[in-house]
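Student: One structure, pasted below without further comment.
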Ligand code: NI
């Protein structure tokens, strides 16, 4: 069978070469060579370029994730006593970029928080399951990514309920925190959503503006420049460029001594350090 295909391929190749319209006699096809198995030699002297030293690894940590309901409603960072940070990825899951990011996180023993859009959860439940299986946290980022401050209460309630149910169907877990789309949510909405769903509203303190696609190097350098203890970093696994930026970003943060925890773990640390005023970021996607 395989021989038949090879023979057929050669016939077609000869036919196509023969139809180029030249009057000159054509050289004979090296039929025997084309059909012979390709011989390769092992290049034993080549090695894939290694990192500068071993790949940095996030430390193994057993941390509680049960944050206090009375800790507050809105957070853009959390005052902590040590160099703990939470990196968050919004707008996924995305079938190519999210798995690629998961590989990078796994290689470094980093747990992240994924603020997923419910409609994408319904489209790619297998990616959601992998996120959970590898120990990451999932938060709600609404069902259809509309600006909450323009929605009525019943629409907001519907967005949150549908997202919670989609995540439950896909992976058997529930979101514990909410990141409103564009960070846009009225104080009145934050209060009733927190009371009804129990979600703290999670904003961010480091924003690389990666959704504007400034290039992987810019995304990386902005995150490295902006991150301090207690930071909540905003990024988007929807964009390939953001994921391209992650190896250098994650390694750079680890080399600076930062330890990655999930948002719930970071919230659970609140009260362990003197209170630092949280800053309100400008709304952005
Ligand atoms: Ni978003």
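Student: State all residues of the stretch 199-218 that are out of contact with any strand residue (DSSP E or B) (no Cβ under 6 Å at 6 or more places or on another chain), within 16 Å of the ligand (Cβ to nearest atom) and free of Cβ contacts under 8 Å to residues at least 60 places away in the same chain; if no residue qualifies, say none.
Tutor: 208, 212, 213
Student: To continue, here is another question. For the stretch 238-258: of the residues being out of contact with any strand residue (DSSP E or B) (no Cβ under 6 Å at 6 or more places or on another chain) and assigned to a loop (DSSP other than H, G, I, E, B), which is farthest from the ligand (Cβ to nearest atom)?
Tutor: Only one residue tops the list, namely 257.
Student: What are the residue pairs meeting all of these: first residue in the stretch 113-132, first residue over 13 Å from residue 163 (Cβ atoms), second residue within 16 Å of the ligand (Cβ to nearest atom) and in a helix (DSSP H, G or I), Cβ atoms under 6 Å, and 6 or more apart or on different chains?
Tutor: Hits for this filter: 113/263; 127/98.
Student: For the stretch 130-161: of the residues being farther than 19 Å from residue 194 by Cβ and assigned to a helix (DSSP H, G or I), which is farthest from the ligand (Cβ to nearest atom)?
Tutor: Applying the filter and picking the extreme gives 133.
Student: Another one. Just checking, which of 226, 230 is touching a strand residue (DSSP E or B) at 6+ places or on another chain (Cβ under 7 Å), touching a residue at least 60 places away in the same chain (Cβ under 8 Å) and more than 16 Å from the ligand (Cβ to nearest atom)?
Tutor: 230
Student: For the stretch 88-100, give me each residue that is within 15 Å of the ligand (Cβ to nearest atom), in contact with a helix residue (DSSP H, G or I) (Cβ under 8 Å, 6 or more places away or on another chain) and either farther than 11 Å from residue 128 by Cβ or assigned to a helix (DSSP H, G or I) (or both).
Tutor: Result: 88, 89, 91, 94, 97, 98.
Student: Now for a different question. Just give me the residues in the stretch 82-117 being within 20 Å of residue 182 (Cβ to Cβ) and within 12 Å of the chain's Cα centre (by Cα), in sequence order.
Tutor: Within the stretch 82-117, 87, 88, 89, 90, 91, 92, 93, 94, 113, 114, 115, 116 meet the criteria.
Student: Follow-up. Considering (1) in a helix (DSSP H, G or I); (2) over 17 Å from the mean Cα position of the chain (by Cα); (3) within 12 Å of the ligand (Cβ to nearest atom), say which one residue 120 fails and leave the rest.
Tutor: Checking residue 120 against (1) in a helix (DSSP H, G or I); (2) over 17 Å from the mean Cα position of the chain (by Cα); (3) within 12 Å of the ligand (Cβ to nearest atom), the one that fails is (2).
Student: Select from the stretch 177-196 the residues that are surrounded by 18 or more Cβ atoms within 10 Å (Cβ to Cβ), assigned to a helix (DSSP H, G or I) and free of Cβ contacts under 8 Å to residues at least 40 places away in the same chain and list them in ascending order.
Tutor: The answer is 193, and nothing else.
Student: If you don't mind, there's one more thing I want to ask. For residue 127, indicate whether it is within 16 Å of the ligand (Cβ to nearest atom) and assigned to a helix (DSSP H, G or I).
Tutor: The answer is no for residue 127.
Student: Please specify each residue of the stretch 197-217 satisfying the condition of being part of a helix (DSSP H, G or I) and farther than 20 Å from residue 268 by Cα.
Tutor: Residues satisfying the conditions are 210, 211, 212, 216, 217.
Taken together, the values in this text are just the output of simple stated rules run on the coordinates, not laboratory data. Everything numeric in this text was worked out from a predicted model, so none of it was measured. Note that each Cβ is placed from the backbone with ideal geometry, even for glycine, and that neighbours are counted across all protein chains shown.
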